[in-house]
């Protein structure tokens with residue numbers, strides 16, 4: 001189809017390999033999607049395939065309702081969750097679902113994860129919560145609770161499952177995934193020694209404003 005763009009398929013392939021390199025996923029676990037804001041089409045990783053073997057030909061193109069537009073592979077079983085996020089969040093054009101260790105600790109305990117590092121406060125929010133109640137993988141129910149838990153934040157924990165990170169492009173979604181796991185690891189380790197300091201609301205607002213309007217502003221057009 002004329003609306004389908006090979007460049008977006010390449011993003012899925014490259015991101016899968018990057019997540020493996022970063023240690024954010026193993027084997028066939030996790031899934032990735034990106035939305036083309038010009039057409040609204042969603043490009044999603046195939047189900048049950050090792051990221052090392054995925055090529056552009058395996059990437060499935062779907063619409064906002066989850067209907068296959070192009071591709072012969074079976075799309076990720078988490079297609080309902082990805083579509084639910086895109087329907088609820090017009091600002092989101094990339095969704096990454098991973099199974100990170102430290103973030104998952106807070107998921108199995110059904111505990112929210114507060115911002116205790118500056119980068120987390122800047123690009124994720126003051127906290128991430130669990131998408132409750134627990135719902136089976138691949139279900140529409142999981143998509144519904146994920147969207148509710150995500151709200152206006154950029155990440156949500158999936159209890160006994162993993163994490164979901166979003167961004168307006170794939171680079172930002174990857175960054176959110178990494179910062180989420182880093183914050184979880186720091187918080188977990190800090191709790192072993194004492195009670196971590198939490199940011200005041202005004203501190204979080206100031207940091208988010210700085211990240212949004214000032215940090216690297218002069219260099220954004222150079223990349």
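Coordinate-derived values only; no laboratory data. Note that the coordinates shown come from a computational prediction; the quantities given were computed from them, not determined experimentally. We place every Cβ from the backbone using ideal geometry, glycine too, and count neighbours over all the protein chains shown.
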Where labels lie 7 Å past Cα in the beta-carbon direction, separation of residue 160 and residue 144 in nm: 1.9 nm
Distance between region 96-153 and region 1-56 - C-alpha centres, whole angstrom: 21 Å
Estimated distance in nm for a label pair at residue 152 and residue 211, the labels positioned 7 Å out from Cα along Cα-to-Cβ: 1.5 nm
Residue 108-residue 186 pseudo-label distance in nm [points 7 Å out on the Cα-to-Cβ vector]: 2.4 nm
Viscosity 0.692 mPa s, temperature 37 °C, Stokes-Einstein D of region 43-92 from Kirkwood C-alpha radius, µm²/s: 292 µm²/s
Computed over region 6-215: relative contact order in percent, which uses C-alpha pairs under 8 Å that are six or more apart: 19 percent
Sequence ranges 32-43, 106-117, ranked by mean other-Cβ count within 10 angstrom, highest first: 32-43, 106-117
Set of region 42-65 residues, backbone N closer than 20 Å to the point 7 Å along the Cα-Cβ line of residue 74: 43-63
